[in-house]
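Read the structure below first, then the notes.
The values are calculated or read from the model by the stated rules, or taken from the named source; none is laboratory data. If you're wondering where the values come from, they're calculated on a predicted model, not measured in any experiment. A quick note on method: Cβ atoms are made from the backbone with ideal geometry, for glycine too, and the neighbour counts reach across all protein chains shown. For accessibility, only protein heavy atoms count, side chains too; no ligands or nucleic acids. Shrake-Rupley method; radii C 1.70, N 1.55, O 1.52, S 1.80 Å.
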Amino acid sequence: MANVNAEALTQTQQRIIDAALDLVSHVGYKSTTTKMIAQKAEVNETTIFKNFQSKQVLMDTAFKQHTKQITNEVDEFFSQSFKDTTDLMQQSGRFIADIFDRHRQIVLSTIKEVGNEQTKSIFNYKQEYIQQLLCTKLKEFSKDHSLTDQQYETIIFMFNSAIMSLLVDKARKEYSEDEQGLTIHLNDVIELILKTVR
């Protein structure tokens, strides 16, 4: 079974995918074994190979499924109208934080595997898609400010990265004894970015 339909998964396949993503987001792709996945999904290890040809096919299916979901959510969000720059950035900030949180296993796994050539073809979710659409929307309000294309791109990159840092910090606090974390909140990030485009 080289190809698995990511849109028509059985309950068992979904349980295996969820278990694999959870493990990879915590310990990384290399350290996640099919034996660990089987234990977490409460299935026999042979069940994994009956449903997915290999760990790579399993992870590829998982990422295709989530990437499609993320793309659909992003397209739907940015198809709406926004009143002005403030409305756009406030709604976008909350949306990005929410989508990162709902798909946190994919986002965290992608961060963990940056630079790993072996997993480059699997971990192909790119936050650039969100940045590109937000940048396009922000430019629609260009009459409100005079910025170059590069300045727009830099602002949106910083905005997106700051929100992702909040997610990473939140995840770190959940799995660590260390209570200390960032003292910056989502509203602070939104306000800071709004100051650059007002």
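Among the residues of region 37-60, what is the count of those that are touching a helix residue (DSSP H, G or I) at 6+ places or on another chain (Cβ under 8 Å) and either among the β-branched types (Val, Ile, Thr) or surrounded by 16 or more Cβ atoms within 10 Å (Cβ to Cβ) (or both)?
13
Looking only at region 146-168, count every residue that is surrounded by fewer than 16 Cβ atoms within 10 Å (Cβ to Cβ) and farther than 29 Å from residue 105 by Cβ and tell me the total.
Number of matching residues: 5.
So which residues in region 48-90 are polar (S, T, N, Q), in contact (Cβ under 8 Å) with a residue 40 or more places away in the chain and assigned to a loop (DSSP other than H, G, I, E, B)?
53
Please enumerate the residues belonging to region 61-84 that are more than 15 Å from the chain's Cα centre (by Cα) and surrounded by 20 or more Cβ atoms within 10 Å (Cβ to Cβ).
61
How do the pairs read when you match residues in region 35-47 that are under 14 Å from residue 24 (Cβ atoms) with residues anywhere that are among the acidic types (Asp, Glu) and buried (at least 16 other Cβ atoms within 10 Å of the Cβ), using Cβ under 8 Å and keeping only pairs 6 or more apart or on different chains?
From residues that are under 14 Å from residue 24 (Cβ atoms), the pairs are 40/22.
Give just the number: which of (1) more than 23 Å from the chain's Cα centre (by Cα); (2) open to solvent by 30 Å² or more (accessible area, probe 1.4 Å) does residue 31 not satisfy?
Exception for residue 31: condition (1).
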